[in-house]
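The values are calculated or read from the model by the stated rules, or taken from the named source; none is laboratory data. Since this is a predicted model, take the numbers as computed values, not measurements. In this analysis, Cβ positions are derived from the backbone assuming ideal geometry, glycine residues included, and neighbour counts consider all displayed protein chains.
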Amino acid sequence: MKRYDIPVLSKESIPEILKYFNIETSTYGLNEKPIYNPYYYTFFDFKLKNPPLGLICVFFKARKNPFKIKYPHDDDEYTLDDLLKYEIAIEEAFVFWDANKQPTQTNVNITFVKLDIFASDNKEKAINEYLIKNKIIKEPKPTKLGCYNATPTTGLVVPLPSINYTTHEKDNEIKNWLLQAQKKYNHKTSMKKIDFLTFWSDKPFTYIFTPKIDFLKIEEFSLMRVYRDTRELIKECTIRGESIQKAPGKYYCTPSIDMNKIGYDIGGVELVFSEPVSELEPPQQQQIEAIYFDDGIRFFPESSQTYNIEDLKKLSNGAKKIYLFSFTTKKRIKEIKLPDAIDPYQAIRDWKRENNLYTFPPLVQEDDYEEQSENRDAYIEITSPAYKKISILFPIKIVKHTFETTDCCYFVVCKNDTLQIKLAKQYRDAYVNWLNQCYIKPGISYSAGEIRDKFGRSSRDIYNEEGGKCRYRYVINTFIDEWYVNGRECSGSNNTFYNFYDTTPPPKKPQELM
């Protein structure tokens, strides 16, 4: 015979527990003194003799035996011990006790398990992975959030009561926060305008900030006049307000006070709050999302009753360890570097559409597009016959966009550098071709005749490597003509210049490279 001693918080739990053993019964008759069921019947009928304190009922699962022995049944004739002697006729005995009349088990270890997971991770899977990793179970069990296991062989599928469990009473962080939080502060200062830091509480609160005058700096004979003159001003400068909710269990205010209307020295401000507050943000209370018992049988009746840690111990029913699971979720951070595009803005928008990240939800929040530019130089360096460096500066556009979805934070970057570099190379090649065709190059000596042969016997516009328009001026005289390149007279056989000059301008820089 196997015996189960099962404390319950409610008689309504008894039929629910027996269902796990394929036994259908009801609560009929359980309002009277402790009773039990007759042999091979599932209803409760007969009263026990001298029942022990706290006993509610006993259900005997009958056993067929070759001797055809049955356990007896009659009102007030047999004690529990009398009936348990009929082991040959009883396969299993379910002994139900009132949990509130039984001593609480003290050898039960309750473990708060806080699992850090990503928002996209499966919580049910995380619970099973923890139980398997810590050798509590051997293989995954059916698991639902907001549930517990009624027996060690069943999954976490029985709904917890509708009330919320939190780790508040066992959370040392919250205890420490409450120890240093206060309802009243005296802020000493001589400043008349104060912007306070943020005050936090785990409950909604109101506040009153009252100015304090430094009476030690006032002559005694004028104290009464000060009281009279400042009474209304103090009332006028007093500020009142109420907290703002940031999240469940997190309320704050960031007030300021202006006491410039008070014409006396200020000794500070008295701060009074309706709830304890601190300049530290209170730790977030953890919601218990599943409970696992390593042994025993129990059932939590659905009710408005608030269950606490002691209730868990009362219903441990043989469990040595109880695991309370809560989660801290964080969002994955994804850095996306898109291929280069002519228009990085449009490329980012197209990518968001293609990945269904353009609308709410899954989009939760998005920041503005941020554009940065960095200059590159596709310079031309000439070393002979004279050194000259020609810069070809062009910008690279970098567009960054940050947005949040329900489970991720995205940092998307798109640049146009590959296309810009390609365009700059094409422009550089065209520029080099222009330099090569120039009539005059720096560092080379030209005779006056060579220059005239190149530019002709009439004045005209010419261009340097910067695209600047210069003037080739030719002056016809009676005996000897004169000609000038950008204001410099050409004569003899050794005319050397520091610039490139040609009759055509250098290629125009593309607008994209400006």
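Mind listing whichever residues of segment 132-150 are farther than 24 Å from Glu16 by Cβ and in contact (Cβ under 8 Å) with a residue 24 or more places away in the chain? Listed by number, the list holds a single entry, Ile136.
Could we say that Tyr463 is assigned to a strand (DSSP E or B), among the aromatic types (Phe, Trp, Tyr) and within 30 Å of Asp377 (Cα to Cα) here? So Tyr463 fits the description; yes.
Among the conditions (1) outside any helix (DSSP H, G or I); (2) modelled with pLDDT under 95; (3) of a type in the set (Val, Ile, Thr), the only one that Ile421 does not satisfy is (1).
Set side by side, the residues Leu9, Leu18 differ, and just one is under 20 Å from Ala89 (Cα atoms) and either surrounded by fewer than 18 Cβ atoms within 10 Å (Cβ to Cβ) or modelled with pLDDT under 95 (or both), which is Leu18. The residue list Glu91, Glu124 contains one member that is outside any helix (DSSP H, G or I), out of contact with any Phe, Trp or Tyr (no Cβ under 7 Å at 6 or more places or on another chain), modelled with pLDDT of 95 or more and over 15 Å from Ile6 (Cα atoms), which is Glu91. Every residue in segment 21-51 that is surrounded by 13 or more Cβ atoms within 10 Å (Cβ to Cβ) and of a type in the set (Asp, Glu), please. Answer for segment 21-51, where residues must be surrounded by 13 or more Cβ atoms within 10 Å (Cβ to Cβ) and of a type in the set (Asp, Glu): just Asp45. Screening Phe455, Phe500, Phe479 for residues that are closer than 20 Å to Lys388 by Cβ and more than 60 Å from the chain's Cα centre (by Cα) leaves exactly one candidate, Phe500. Look through segment 79-124, keep the residues that are within 20 Å of Pro51 (Cα to Cα) and of a type in the set (Gly, Ala, Ser), and return whichever of them is surrounded by the most Cβ atoms within 10 Å (Cβ to Cβ). So the residue we want is Ala99.
Return the residue satisfying two criteria in turn: it lies in segment 33-68 and is among the polar types (S, T, N, Q) and over 58 Å from the mean Cα position of the chain (by Cα), and of such residues it is farthest from Ala89 (Cα to Cα). Filtering segment 33-68 for residues that are among the polar types (S, T, N, Q) and over 58 Å from the mean Cα position of the chain (by Cα), the one farthest from Ala89 (Cα to Cα) comes out as Asn50.
Got a sec? Which strands (runs of 3 or more DSSP E) wholly within segment 306-416 have at least 2 residues that are among the aliphatic types (A, V, I, L, M) and over 30 Å from Ile288 (Cα atoms)? It comes to 380-382, 393-405, 408-415. Does Cys414 meet the test of being surrounded by fewer than 19 Cβ atoms within 10 Å (Cβ to Cβ) and either of a type in the set (Ser, Thr, Tyr) or at pLDDT 90 or above (or both)? No, not satisfied.
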